[in-house]
Each structure stands twice: as C-alpha cells, then as structure tokens.
1. Which of the residues spanning the stretch 162-180 are hydrophobic (A, V, I, L, M, F, W, C), surrounded by fewer than 24 Cβ atoms within 10 Å (Cβ to Cβ) and within 12 Å of Arg90 (Cβ to Cβ)?
2. Do you know which residues across the stretch 74-102 are charged (D, E, K, R) and in a helix (DSSP H, G or I)?
3. Could you please find all residues in the stretch 192-207 being under 33 Å from the mean Cα position of the chain (by Cα) and not in a strand (DSSP E or B)?
4. Restricting attention to strands (runs of 3 or more DSSP E) lying wholly within the stretch 269-342, give those where 2 or more residues are within 26 Å of Gly357 (Cβ to Cβ) and at pLDDT 90 or above.
5. May I ask you to list pairs of residues, at least six apart or on different chains, whose Cβ atoms are under 8 Å apart, with the first in the stretch 513-539 being at negative phi and the second being surrounded by fewer than 20 Cβ atoms within 10 Å (Cβ to Cβ) and of a type in the set (Asp, Glu)?
6. Give the residue, chosen from Gly95, Gly102, that is closer than 23 Å to Val210 by Cβ, out of contact with any Pro (no Cβ under 6 Å at 6 or more places or on another chain) and surrounded by 19 or more Cβ atoms within 10 Å (Cβ to Cβ).
7. Is it the case that some residue within the stretch 340-351 is buried (at least 17 other Cβ atoms within 10 Å of the Cβ), closer than 27 Å to Leu214 by Cα and in contact with an Asp or Glu (Cβ under 6 Å, 6 or more places away or on another chain)?
8. So which of Gly613, Gly557, Gly595 is free of Cβ contacts under 8 Å to residues at least 60 places away in the same chain and over 27 Å from Thr487 (Cα atoms)?
Amino acid sequence: MTSVPAEYVFNRGGETVCSRTLLRISSALPVLTTSSAPQVVVHAERAAEFPEETSSRACDETGHVAWQALPILCHFILSERGQRLMRDSRVLELGAGIGVPGLLAGRVCKEVVLTDSNDMVVERLRRNVELNAADMTCAGDAVRVANVAWGAELYPRDDVLERGAFDVVLGSDVVYSATSARTFLQTAKLAMAKTRGVTALAYIPRWPAVDRALYDALRELELAAEVVPLRSFSPSGVDFSFDGHSLPRGTCLLLIRCVGDCDDDEVEEIAPPPSIVTREHVLEVTIGPEHIDDILPETCRAAGLGNERSPAGSLIVDATGPFAVTQDQVEVLSKSLGASPLCGSVSKFTVRECWIGDKWPSMARGLSSCAQSLALLHANGDEIGSVAAGVVGDFTSSCPNLHTLDLSRNPFGDAGAEAFAVGFASCAALSSLTLAHCHIGDGGAAALARAFPRSLTTLNLSNNEITALGLSDIATALRLGKTPLLTHLILSGNEIGPACGAELAEALPVGTPDLEYIDLRGCSLTDPGLAWLAPSLPSCKNLTTMHLGSNGVGDVGAAALASSLAACPKLKHLGLAMNSIADGGAWDLVEELVGCKSLVSLNLKGNGLGDEGASAIADILAEVPTLEAVNLSDNDVGEEGAAALAECFEKVFTDSAGIFPWVRGLTVVLENNELSKEVRQRLETAASSVAATVKFSALVVRGTGFGR
C-alpha cells in the first residue's frame, strides 16, 4: 500500500500532503487557537488512496486514512475542557488508525497507548509516533503502540493493556455497526479507571440501526453519556463541515462514564437553540430531545410558532443519533402540544428516530389537541410496532384535514398494518401514504388495500415483504376504482415476481387513469412480467416516469416495452438500470424512443450493452431534442461504442450551424467502462463542441481529504 506523509494543522490550513506528492487537500480544518499553542501540527503517514474497495471483514484497512469525525475529537482535545481531561492522565486510543487524536493527547498527558487491530495499521502507528516524538511530553515506556481487538472476551493481558488503568479512552469514527458499538464500549469500560474514568467518543450517525445499537449498548453496560455541544469547543461560525460535505444532524462528541460516576470538572453545557426556517410560507421549528422540557411551549413561542404572523407551523422533533425521547419527555411533549402556542396551531408534525414506540398512546393524547389543524404527520424510524400502529391509525381518523402521512421504517408487520388500517380507513382527505420499510407482508397489504381512501394520490409501499398474493389485493383495489385519483404508485423492493405485471396490466387501464409515476424497481418482474405490463402503459395518458430497474429484464422484455413507448406521449424519465439488456434490446428500444418527444432521461446503467448497444444510443441522440441525461455506466462499452458516440457529436457539430438539438444540454454518463485516455479525450472534445457533457470514472482514485 503506497503511503504519503501528511500534516494536520489545527489553526489554519488543513491536512496538507507534502509537496513531493504533488497533492494538497482543498478544504481546510476549522480555525482553532489556544493560549499555549497558536498553531498545532501533527505529522502522520497515511495511505495515498482511500482503501474502501480493498477492505474486507477479515482485513479492515480503513485505519490507514483519516475519517470525518477525527477533527471533532482533535478539537475537543485541544479545547480548554479537553486539555484539563488529558493533562497528567493515562490515555488510551482505541481504533486509532493513523493516531492523530492520541498524538495530540500525548502532548499533555503522562502516558498514551495507541491501539488498532490491524497489524499493518499498528506498524504505521509506530512510525507516526516517531514522527511526533519531539512534540510529546511523554516518552520512552510512557508511549506505546499495541494490537488490541475489541470485546470483553478478547481483552488482552494486563501486560498489554492493564484493566481499569486509563483516565481517558479516545475513539473517533470507530462505531460503524451493532457489533462495533457493543465491543468498543466493552473494551473502553474495562480499560477506564474505576473512579472518574471517561471515554471521549466522536460519533457520526450514518445508519439508524447503529445509532440504536450504540444507545442500547450504553444502557446494557450501565454507562452514561454526556453530549458536549460541538459549538462549545469550536470557533464561532465553524460547523465542522469538511470536503464540502456537511456533517449529518446528530453528529456528536460524547463523554461516557460509568453510571453513578461523576466528573468534578463537568461543565453544564447550554443546548444549542432550535433550528428555525420558513418553508413554503410555513414556519418550521426543529428541536432535539434536549429541548423537551417544561419550558418547551415558551421555547416554541419565542421561535414564532402560534403568533399572528404564523398561526400554523411545523414542529419537528429530531433525535437522530444515539439519542431517544424518554417516557418522561414524551409526557412533557404531549402536555406541551396541548398548551398554547402549540395547541391547535401545528399543521405539520414530524418525529425522526425518536424511538417513541409503545409510548405512542401518550403522544397521541397530546397530539389530539392539534387534530383539526394537522395536515402532515411523519414518524420515521420511530419503532412503531403492531400495538402503536393501531394507536396511530385511530388518531389519524380524528384528523379531518390530514393529507400526508409517512410512517416509514417502523416494524409494523402484518399485525400492525391490519391494526393501522382500521382507523386509517376514515382518513377521507388523505392524499399521500408512505409505509416503506415497515415489514408488511401479504396480510397487511390486503388490510391496507381494503382501507384505501378515494382521495389517495400517492401510495408508497416500497421495501416491504409483499409477494404476488398481496399485490393481487392491491391491484384489485385499484381495478375496482378505490383510488381513482392515484398519480404515484411505488412498490419497489418487494419480491412480487412476474405476476406483478399481469395484475397491474388489468388494474391500470381502468383504475388509475391519472397515473404519472410508477416505481417497480427490484420487483423481480423478469421478461414475462414486463411483457404483460407493457401493453397497459399507454392507457395512462399522463405517465411521465417509469422506474423498472433491477428486475432481471433482458432483450425480450426490452422489446415488449419498446412496443408501447411511442404511445406514452408524456414520458420523461425511463429507468432500466441493473437489468440484463444487451445490444439487441438496445436497438429495439431506440427504434421506439425516437417517437418519445418528451423524453428527458434514459437510465441503462448496469446492463449488458456493448459497442453495438452504445452505437444504437448514438444513432438517436440527435433525434430526441428533449433529452438531458443518458446513463450508460457499468456496461461493456468499449472503444468502438465510444467512437460511435463521438461521431454522433461530431456530425451534430458539422451539420448544426451552431444550433444544437438538445434544448437544455445533454449529459452522457459512461462511468466504469473500459476506455482509453485517447478515446475519452476525443469523446469529451466532441461533446463539448455541441454543449454536451460526458462523465467518466475518475482516472485517479481520491487520495486526500477525510473519508465519509
């Protein structure tokens, strides 16, 4: 693995790769100055390229580079509070990677041990210690590097890592799975000093399941976590956004201690104020669990909710990260919803990753005071099971103006869907229903189908467990005219099979005359299913978008679809990615696509198109002036296919007299196809001459910045 020397500068600049590598990081770290060190520089050898593709469960190589949470932990270490924690302490860094936080701590602590579980990363750590030896206050045996695996059963011998010996344990971007959450905390707890030991963990929420696993592991191991607001140790105006990518909500610095242990040096931090924005003339106030207290009504009043200028507003409770809204907080929130200014003034209510679950009866009682004003209810990832689903369904029946309902990523199951459907059937004004990732099977689908309100325009049941049996009930409801206003039908991610095409072919022509958008990605349609479905599509005269990717469709299915395309006059977006369409299917498609005078995008990514298929696409590009995007990535397009595309652009340039056919410009994506540098250059030049763009895979793997 190729390495480069780098510098991490913590008051100006950023990660600067040494000049001999001819690379430099474009984004700077936030400015931070301290009285003792106006400029703090850590030298570290790192991998020249990001190793995501070469990592595996057996050999995790991600420790060879810096990740996005690293600067957060570093800035905390350099803060006044962090310096007090580190000074004269024994410090352990778990999952140290290139070791920058531990090397910073080594400038003030009396002992530091840097650890990782990859032998090659450990060797890199040894070299990084040598690079920074002159700047560290601890030396000799007080600076050690060790290979340490995580978990209570794998904790090493005391001569490697003494139990209960460390005042501070460090970790940044080390919790990335349920297993890592549990084993990291097990190891940290065993290593922490029994009195006043603390773990400083910089954490970025990426997956809700991992957030929950971290939260549960803290409770199971009887650990308490203090959230240190990032703004308390970052300079004014710095939001810790790196490489142009903002950190997600819920990013945090946690100080973790054993329950009952206290920090005499603990500072009472003031929670950041709620987020207040105006969207579509509606005041939107976003709060976290830290804002849910007895003065919540006054907090909302101060934000502007319920005043004369904003009689109705949106309240969002966002607990993204390893946080939850507790039973007591649910009671407070419920009581607040029944008090001024929230009572009767909330038109949109959202809870995100709050894990309210079986506490929904309490929530519904308070929310009932807003039933008349409520138009939108979102409860995403809220652990709503079968019992709570019935409570939510009953509540919605009391909301005469509710038009949008999104309960995605909740474990409804069939029992929950059936309980929910009882109340949901009375939602006479509902236009949009989203129940994605809710573990709903055929029984639940049947119950929902019986309850569909006639007002429904959007139905999203994606990524559930619905098979052909459940789809039959849904299709029957459509065919019988239960949803005559339906414009968006999203059933992607359900293993329905070819019968999906047959059932919908009977339902669409008579039951959904206004359908505009259909998403059947990942439904295992295969060629027979698409052959059954295709003839019904022209009956939907307003159809603009079809997503049919990941269905095992080959040339036969493509030909069947092609025969219907010209009869879809408003079709704008056609998605056929990740199928098995080859050159023959491409020719069948393009012969009919010429007649689609409104087509904007065509996605054939991840099929089996070769040079002939690319030539087929090139043949019709100039004949479809509405086209803006064609995706041919991850196919088998070679030199001849790319040359055909170049010739198309060159001919347009020659024949156009400066007036090019594509009204809004055209982008052709050719990532992950084997093309030489010379062919790329020819194609890029030809495309740019007619105001078009061609996108290829990067020739050089990104070798700088912070991993995400």
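1. If the condition is that a residue be hydrophobic (A, V, I, L, M, F, W, C), surrounded by fewer than 24 Cβ atoms within 10 Å (Cβ to Cβ) and within 12 Å of Arg90 (Cβ to Cβ), then Ala165 is the only one that fits.
2. Across the stretch 74-102, the qualifying residues are Glu80, Arg81, Arg84.
3. Within the stretch 192-207, Ile204, Pro205, Arg206, Trp207 meet the criteria.
4. Fully inside the stretch 269-342 and qualifying: 282-287, 313-318.
5. Listed pairs, sorted by first residue: Cys523/Glu495; Ser536/Glu506.
6. Result: Gly95 is the single residue among Gly95, Gly102 that is closer than 23 Å to Val210 by Cβ, out of contact with any Pro (no Cβ under 6 Å at 6 or more places or on another chain) and surrounded by 19 or more Cβ atoms within 10 Å (Cβ to Cβ).
7. So far as the stretch 340-351 goes, yes, one or more of its residues are buried (at least 17 other Cβ atoms within 10 Å of the Cβ), closer than 27 Å to Leu214 by Cα and in contact with an Asp or Glu (Cβ under 6 Å, 6 or more places away or on another chain).
8. Just a single option satisfies the conditions, and that option is Gly613.
The values are calculated or read from the model by the stated rules, or taken from the named source; none is laboratory data. What you are looking at is a predicted structure, and each value in this text was computed from that prediction instead of being measured. Neighbour counts run over all protein chains shown; Cβ positions are idealised from the backbone, glycine included.
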